[in-house]
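Report on one structure; see the data block that follows.
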Amino acid sequence: GHKPTFDIVASDGLPVPPFVAGVDLAVAGPLARSAEDLDTTLRLLVGPGRLNHAARVDLPEVRRPLREYRVALWPNDAIAPVQREIADRCQSLGDRLAALGVKVSDTARPAFSAEHAASVYRRLLSAATNSASTLAHRDWLQLDEERTRLRLTWREFFREWDIVLCPIAACVA
């Protein structure tokens, strides 16, 4: 599966939930059998929604040799711990990539604390999904500003690193 950058795949056409304005805190992305199929499917899905026709996304066509990639390895984190089996599998893949000549770092992280990012996300999620938890519009705007700053920090991080290799789930199925 591929979780694309927020808003490069229009969510206003998703069948569930049927919101014209799109869905906050969610992205739409492809599932496929291979990386090549993911690439093809993402190229078909990428595009503006009904309200942002001016948006344009150019996905890179350049294929680089594996050893030219820069990978930030993040197998576990205190703020979102995962089962040892999953963290070990992630670490093993990072070690294998390093053995193949890929630049792999287990200390490269974006310039914000995971605790802060998790707090911003949890508060936005609670306001979006829990009818008992509401936010004043001013508070939501402040959280949205914080989220935007986090997104810009990720963008800066990806100027130096191509991939973050991390678990997609905290426990095995």
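For residue 43, are the conditions met, namely being surrounded by fewer than 15 Cβ atoms within 10 Å (Cβ to Cβ) and within 19 Å of residue 4 (Cα to Cα)? Spelling it out, residue 43 is indeed surrounded by fewer than 15 Cβ atoms within 10 Å (Cβ to Cβ) and within 19 Å of residue 4 (Cα to Cα). Listed by position, the strands (runs of 3 or more DSSP E) enclosed by the range 58-170 that each have at least 1 residues that are surrounded by 14 or more Cβ atoms within 10 Å (Cβ to Cβ) and among the small types (Gly, Ala, Ser) are 70-73, 103-105.
Within the range 30-55, the set of residues being modelled with pLDDT of 85 or more and assigned to a loop (DSSP other than H, G, I, E, B) comprises 30, 31, 32, 33, 34, 46.
Among the residues of the range 1-23, those that are over 14 Å from the mean Cα position of the chain (by Cα) and modelled with pLDDT of 70 or more comprise 10, 11.
The values are calculated or read from the model by the stated rules, or taken from the named source; none is laboratory data. Treat the numbers as computed from the prediction; the structure is a model and nothing was measured. Every residue, glycine among them, receives a Cβ derived from its backbone with ideal geometry; neighbour counts consider all protein chains shown.
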